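Here is the structure we will look at, set down as structure tokens.
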Amino acid sequence: MKKQSKALKEPAAKLGSKPGKINKPIKPSSPDKGTRKAAKPVVYRAQRRVEFRDTDAAGIMHFSAFFNYMEQVEHEFLRHLGLSVFERDDEGAISWPRVAVNCDFQGAVRFEDILDIEIQVARRGEKSITYGFQFTHAERPVAEGQLTAVCCRLDTKAPPRSIPIPDWIVALLEGRSSPKRPKRAV
């Protein structure tokens, strides 16, 4: 069994309170070739109650529900930073198609159990970002996952085109104030 960091053992925000909170990193990330490690990884915590629709015939959370929770918490994390999975700048629309996702299951949870979910940027490349997720229930590890998305320029007349992650987005993801953020077009 892996040793958990002190940050992982701290209780997450109570249900019904304001969305998640920022905490210290849960574990250091090691960049792959061609990626950059974020200066201070931002860790965001959220909670989800296991709903009946997310369980299988045995009453255990179905594996596919973890992927939905990962996407929900990613969106919540981005909103907390003032971002979205769909942005607009002076050049048009930017979005983040997923190119890889995985989840390693370590324990079962059941209907109405409360999951604490932590997300942080595990790796940042020039054009992609990989988020790391840790799921716990009552401080017991349940699952670990990763989701990789590529920063793309969207055009209604062409397929998405990968682009370098804009500096203003990198700054927000790293917990720094954003340099020269473009105005959002409606």
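The values are calculated or read from the model by the stated rules, or taken from the named source; none is laboratory data. If you're wondering where the values come from, they're calculated on a predicted model, not measured in any experiment. When we count neighbours, we look across all protein chains shown, and the Cβ atoms used for this are built from the backbone with ideal geometry, even at glycine.
Observations on the structure shown:
- Within the stretch 144-165, if we keep just the residues that are assigned to a loop (DSSP other than H, G, I, E, B) and modelled with pLDDT of 95 or more, the residue that is surrounded by the fewest Cβ atoms within 10 Å (Cβ to Cβ) turns out to be 164.
- Residue check: residue 160 meets all listed conditions (1) closer than 30 Å to residue 60 by Cβ; (2) of a type outside the set (Val, Ile, Thr); (3) in contact (Cβ under 8 Å) with a residue 40 or more places away in the chain but one, namely (1).
- Residues in the stretch 124-143 that are farther than 17 Å from residue 103 by Cβ and part of a strand (DSSP E or B) were compared, and the one that is farthest from the chain's Cα centre (by Cα) is 125.
- When the stretch 41-66 is filtered for residues that are surrounded by fewer than 16 Cβ atoms within 10 Å (Cβ to Cβ) and either under 17 Å from the mean Cα position of the chain (by Cα) or in a helix (DSSP H, G or I) (or both), the ones remaining, listed by number, are 52, 53, 63, 64.
- Looking only at residues in the stretch 17-76 that are among the basic types (Lys, Arg) and at pLDDT 95 or above, the one that is farthest from residue 128 (Cα to Cα) is 53.
- Within the stretch 68-90, if we keep just the residues that are surrounded by 16 or more Cβ atoms within 10 Å (Cβ to Cβ) and among the aromatic types (Phe, Trp, Tyr), the residue that is nearest to residue 122 (Cα to Cα) turns out to be 77.
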